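A.B. asks: Take this structure, written in structure tokens, and hold onto it; I'll ask about it next.
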Amino acid sequence: MIKKMFLVKPRKIRNRSRLLGAVQINSTSFFVCRNKDGQVCLRTGKEEKIQKDILQRMIDLNPMIKKILDDYKIKPSINTKTLRELSGGHMNDTCKIAVGIYSKLSENLKSCINKSAIKEASMLHDLGKVLIPSKIINKPSKLNKKEREIMNIHSILGYELLKTQKIGLETLDLIKYHHQNLKHTGYPALNCDHNPSDIGVQIISTADKYSALREARVYRRKLTRIEALLILYKEVLEGKIHKDVYNALYEYARNFDV
Ligand SMILES: [Fe+2]
Ligand SMILES: [Fe+2]
């Protein structure tokens, strides 16, 4: 569970990185740094080895993970480079945008939302990608059907990795369904005890999509704010995104440089 997120006075640490803050996941503290190239990243004292050890322990604790990997014929390997890039970039941005969306919702809607679960889930939502083969994660072109199927299990893998880690059920649910939508056409398929209109899922999935559209991909440039908002508005018209969540994102994006 993320126990603390705190900002510290920027200062130089090794490799000319600047320390911006820190986040504590379970009992391990990760430092949020900006490296000499200007990218934000996560570090620990012996980051690579510690991250691999933590993730390996998470895998060993839950036999379901091995079963899923076997079903998809994926050789278990931990891609900590992906974790570093996601933590410092996309998951951090998704968290910022999700909190921004929350801040612009009506008091009535806010009262049905667990803000700390939103923060935790958005900071961890793509953790499962550490088990997706890097040749799929880093493929410079569109994924084929089989690769897409493998990529899509990252939300379940993230859920399974974290479910043994004393993380609240609400946070776990948000991680598992962060690619689900109001029309139930996302993934993974819903089970009867999950309510897809849950506003929390909508906040994370909308923040996740907006963050992804605002990032450059090997196959496309970074979209402008208006372009990204237009794409999401189309999903409102298709009944996939809750209009109040979209309006909150619009208000947030209009007033802040995201
Ligand atoms: Fe995802
Ligand atoms: Fe994501």
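The values are calculated or read from the model by the stated rules, or taken from the named source; none is laboratory data. Every value quoted in this text rests on a predicted model; they were computed, and no experiment measured them. Here the Cβ positions follow ideal geometry from the backbone for every residue, glycine too, while neighbour counts run over all protein chains shown.
A.B. asks: Could you run through the stretch 131-155 and say how many residues are surrounded by 16 or more Cβ atoms within 10 Å (Cβ to Cβ), touching a residue at least 40 places away in the same chain (Cβ under 8 Å) and closer than 17 Å to His179 by Cα?
C.D. replies: The qualifying residues number 4.
A.B. asks: Something else now. What are the pairs, 6+ residues apart or on separate chains, where a residue within the stretch 177-192 that is buried (at least 21 other Cβ atoms within 10 Å of the Cβ) has its Cβ under 9 Å from a residue that is among the aromatic types (Phe, Trp, Tyr)?
C.D. replies: If the second residue must be among the aromatic types (Phe, Trp, Tyr), the pairs left are Tyr177/Tyr159; Tyr177/Tyr187; Gln180/Tyr187.
A.B. asks: Here's another thing I want to ask about it. What are the pairs with Cβ atoms under 9 angstrom where one residue, in the stretch 237-255, is farther than 17 Å from Glu227 by Cβ and the other, located anywhere, is buried (at least 17 other Cβ atoms within 10 Å of the Cβ) and of a type in the set (Lys, Arg)? Sequence gap at least six, or different chains.
C.D. replies: Asn247/Lys104; Ala248/Lys104; Glu251/Lys104; Asn255/Lys104
A.B. asks: Let me ask something additional. State the number of residues belonging to the stretch 72-99 that are assigned to a helix (DSSP H, G or I) and more than 16 Å from ligand 2 (Cβ to nearest atom).
C.D. replies: Summing the residues that are assigned to a helix (DSSP H, G or I) and more than 16 Å from ligand 2 (Cβ to nearest atom) in the stretch 72-99 gives 2.
A.B. asks: Ok, one more. Test of understanding: among Leu127, Leu162, which residue is more than 27 Å from Tyr233 (Cα to Cα) and within 11 Å of ligand 1 (Cβ to nearest atom)?
C.D. replies: Going through Leu127, Leu162 in turn, just one is more than 27 Å from Tyr233 (Cα to Cα) and within 11 Å of ligand 1 (Cβ to nearest atom): Leu127.
A.B. asks: Within the stretch 163-176, how many residues are touching a helix residue (DSSP H, G or I) at 6+ places or on another chain (Cβ under 6 Å) and within 18 Å of Tyr187 (Cα to Cα)?
C.D. replies: 6
A.B. asks: Read through the list (1) free of Cβ contacts under 8 Å to residues at least 60 places away in the same chain; (2) away from ligand 2 (no atom under 16 Å from the Cβ), then give the number of the only condition that Lys166 fails.
C.D. replies: Unmet for Lys166, out of (1) free of Cβ contacts under 8 Å to residues at least 60 places away in the same chain; (2) away from ligand 2 (no atom under 16 Å from the Cβ): (1).
A.B. asks: Take the residues of the stretch 100-111 that are touching a residue at least 60 places away in the same chain (Cβ under 8 Å) and not charged (D, E, K, R): which is farthest from ligand 2 (Cβ to nearest atom)?
C.D. replies: Narrowing the stretch 100-111 to residues touching a residue at least 60 places away in the same chain (Cβ under 8 Å): 100-106, 109.
With the extra rule that they be not charged (D, E, K, R), the set shrinks to 100-103, 105-106, 109.
Numbers: Gly100: 16, Ile101: 15, Tyr102: 17, Ser103: 20, Leu105: 21, Ser106: 26, Leu109: 23 Å.
Filtering the stretch 100-111 for residues that are touching a residue at least 60 places away in the same chain (Cβ under 8 Å) and not charged (D, E, K, R), the one farthest from ligand 2 (Cβ to nearest atom) comes out as Ser106.
A.B. asks: Now a separate question. Does Leu162 qualify as being within 14 Å of the chain's Cα centre (by Cα), in the same structural domain as Lys75 (by TED's automatic domain parsing), farther than 30 Å from Phe256 by Cα and modelled with pLDDT of 90 or more? Let's see the steps before the verdict.
C.D. replies: On the way: within 14 Å of the chain's Cα centre (by Cα): yes; in the same structural domain as Lys75 (by TED's automatic domain parsing): yes; farther than 30 Å from Phe256 by Cα: yes; modelled with pLDDT of 90 or more: yes.
Yes; evaluated as a whole, the condition is true for this residue.
A.B. asks: Here's something else I'd like to know. Has the stretch 59-67 got any residue that is away from ligand 1 (no atom under 16 Å from the Cβ), of a type in the set (S, T, N, Q), in contact (Cβ under 8 Å) with a residue 12 or more places away in the chain and assigned to a loop (DSSP other than H, G, I, E, B)?
C.D. replies: Yes.
A.B. asks: Also, I was wondering about something else. Which of the residues that make up the stretch 95-104 are at pLDDT 95 or above and buried (at least 24 other Cβ atoms within 10 Å of the Cβ)?
C.D. replies: Ile97, Ala98, Ile101
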